[in-house]
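Derivation of every value follows stated rules applied to the coordinates shown; laboratory data play no part. Quick caveat, the model's predicted, so the values are computed rather than measured. For neighbour counting, all protein chains shown are included, and Cβ atoms are generated from backbone atoms with ideal geometry for every residue, glycine included.
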Amino acid sequence: MVDPAGDSPGQALARRFYQRAVAPSLAGLPHAAALLGDGSEVLGYDDTVSTDHNFGPRVQLFLEPGAEPAAVRAALAGLPERFEGWSGLQVEVTTAGEFFASVLGVDPAAGMRLADWLLTPTQRFASLTAGPVFHDPAGSLTARRAAIAWYPDDIWRYVLAAGWLRVGQEQPFVGRAGGVGDEFGAAILAGRLARDLVRLTFLVERRWPPYSKWLGRAFADLPLAERVGPPLRAALAATGWREREAALCAAATEVAAATNRLGLAEPVDPAPRQFYTRDIRVVDAEGFTTALIAAITDPEVRALLARLGVRRPDEPIATLPGSIDQAVDSTDVLANVDRCRAAAPMLGLGPG
């Protein structure tokens, strides 16, 4: 249940904890306060099930650089052992720069390079921009959240192009597998394509997707989900490959039309078409990849494309790893900032 202020139960608990217990104990000591980072309550998706582990009143306090944390920690020593019946109260004392750098590998206040954007999983951006801010008089949190609100346009084109390439690489396989009687394989492929189309929808809507547990929940809140969601559900529920292929094409057509409406590149026909001479239908995913790449002018992004073997806007694109979570699907990597940064050469970026 969401409270009248728009908070989820965990967010509301954190807000009360800060306002009624933490803030009064600080006696005016300069700070900012928020609930950011890991946890379903940061995204606003917690419920009663969430309370069985790692749940309770918690907040981060952000001091200005150079501030002495000893006075704050001394003030917090007077907090009660329990709040509203909850034990295990958590108050993290840090600075905005240190906290954001611990999540992203870089402090966005210093500027975001191409590598910083592409080596950060989108779920990490979500964890920093979705949580509630309770107090920020100096604007240190607001400025950093604004700096990572969304990709610069040419990096946006690049990750959109990579997302469409992923779709194009496997889109015809549903019909190919189904055509030889492998309905199980076609269903597995449909699930992969549905996930890629969901993530493309987030890119089109300029919204950071959360990690897999909440991907469907967050997708349902996107305006475009009303049009993309029904055919994707039909594709996942289908028992035959032709029905599955038709539903995937319908969903891809909606995402394709929405991509055109962004005006980031020359429009591409979003209607399904025949795959070569085969009895298979696909959307021209590669056409979107080519159009988006051709529209990129940023020298740093074009240099990345050249390192990946894309030297002319009109040439076929075979390799485009995109961002870290387009290239890697491993929790052990995506949840570890050092491992993400170490993946820079794989993405064509050089040392991270």
(request) Please say if the stretch 31-90 is rounded, prolate or oblate, where rounded means a/c under 1.5 for a ≥ b ≥ c the square roots of the C-alpha gyration tensor eigenvalues, and otherwise the choice is prolate for a/b larger than b/c and oblate otherwise? (result) oblate
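Using 0.36 nm per residue, how much length does the chain from R73 to R206 gain when fully extended, once their Cα-Cα distance is taken away?
Values: separation 133, 0.36 × 133 = 47.88 nm, distance 3.88 nm.
44.0 nm is the gain from fully extending R73 to R206.
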(request) Once you have a ≥ b ≥ c as the square roots of the Cα gyration tensor eigenvalues for the stretch 1-112, tell me rounded if a/c is under 1.5, and otherwise prolate or oblate according to whether a/b is larger than b/c. (result) oblate
(message) So for the stretch 154-215, considering every pair of alpha-carbon atoms, how many percent are separated by more than 18 Å?
(response) 43
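Using every Cα-Cα pair within the stretch 126-258, state what percent have a distance larger than 21 Å. Present the calculation step by step, with values, prior to reporting the outcome.
Values: 4197 of 8778 pairs.
Above the 21 Å cut-off, the stretch 126-258 has 48 percent of its Cα pairs.
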(message) How long are the semi-axes of the equivalent ellipsoid of the chain, defined as square roots of 5 times the Cα gyration tensor eigenvalues? Whole Å, largest first.
(response) 42, 24, 16
(request) Quick one, can you get me the convex hull of the C-alpha atoms of the stretch 245-293 expressed as volume per residue in Å³? (result) 59
(request) Report, in whole Å, the centroid distance computed from the Cα atoms of the stretch 225-261 and the stretch 31-50. (result) 32
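Suppose the chain between A303 and E98 were pulled fully straight at 0.36 nm per residue; how much longer would it get relative to their current alpha carbon spacing? Before the final figure, lay out each step's value.
Working: separation 205, 0.36 × 205 = 73.80 nm, distance 3.07 nm.
Computed gain between A303 and E98 is 70.7 nm.
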(request) Go ahead and run the numbers for FRET between E243 and D329, Cβ-Cβ distance against an R0 of 41 Å, rounding to 0.05. (result) 0.95
(request) Please identify every one of the trypsin sites (Lys or Arg not before Pro) in the stretch 248-311 that sits in a loop by DSSP and has no more than 15 other beta carbons within 10 Å of its own beta carbon. (result) R278, R311
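To the nearest 20 debye, what is the magnitude of the charge dipole of the stretch 1-122 about its Cα centre, counting +1 on the Cβ of each Lys and Arg and -1 on the Cβ of each Asp and Glu? Could you put the intermediate results ahead of the total?
Numbers: 7 positive and 15 negative charges, 54 e Å.
Result for the stretch 1-122 is approximately 260 debye, rounded to the nearest 20.
How large is Rg over Rh for the stretch 265-329, taking Rg from the Cα atoms and Rh as the Kirkwood inverse mean of 1/r across Cα pairs?
Details: Rg = 13.8 Å, Rh = 13.4 Å.
Radius of gyration over Kirkwood radius for the stretch 265-329 works out to 1.03.
Could you tell me whether the stretch 188-270 comes out rounded, prolate or oblate from its Cα gyration tensor? Rule is a ≥ b ≥ c as square roots of the eigenvalues, rounded for a/c under 1.5, then prolate if a/b exceeds b/c, otherwise oblate. Before the final figure, lay out the partial values.
Numbers: a/c = 2.11, a/b = 1.18, b/c = 1.79.
Because a/c hits 1.5 or more and a/b fails to exceed b/c, the stretch 188-270 counts as oblate.
Taking the stretch 97-153, which trypsin sites (Lys or Arg not before Pro) meet the DSSP loop condition and have no more than 16 other C-beta atoms within 10 Å?
Working: sites: R113, R124, R144, R145; in loops: R113.
Qualifying residues, ordered by number: R113.
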